[in-house]
Amino acid sequence: MPRRRLRQGRPDLQQAIGELYETSGQADCAGDWYRKALGGYLRSTQRSEVHFYHHLADYYADVAKDGAAAIVWARADLRRGRISPLRRRSPGRFTETASSTRHATGSIAL
């Protein structure tokens, strides 16, 4: 792994740290880590990297509670031949996310 990437931090680990802070009731600290994670994920996509698409689907589903954005990134991940994290989750959880975004997306066919 390049040194530059290590210095900048891994967005997936930054999100995990944010989730630990949130679980421990420290929402302010969690928010800082979530912002770092989202920035890292989006910078990666701007470099045309596709590795974090599934992480973005997870971020928008679990952290941002933005089902429509989660579906966008899950679809992008599916287009590259991967199984989306939204599909791997329990069927009830995916259904909940899907039904909450049906209005925004018009359809949920993945």
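Here are the numbers for this structure:
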read-out: Filtered residues of the range 24-72 (kept if β-branched (V, I, T), closer than 17 Å to R10 by Cβ and touching a Ser or Thr at 6+ places or on another chain (Cβ under 9 Å)); value: V50
read-out: Residue list for the range 28-61, restricted to those being among the β-branched types (V, I, T) and in a helix (DSSP H, G or I); value: T45
read-out: Among residues of the range 49-68, those that are more than 9 Å from the chain's Cα centre (by Cα) and within 22 Å of D32 (Cβ to Cβ), counted; value: 2
read-out: Number of the condition not met by G25 [criteria: (1) part of a helix (DSSP H, G or I); (2) modelled with pLDDT of 95 or more; (3) not charged (D, E, K, R)]; value: (1)
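The values are calculated or read from the model by the stated rules, or taken from the named source; none is laboratory data. These numbers come from a predicted model, not from an experiment. All Cβ positions, glycine included, derive from the backbone under ideal geometry; neighbour counts span all protein chains shown.
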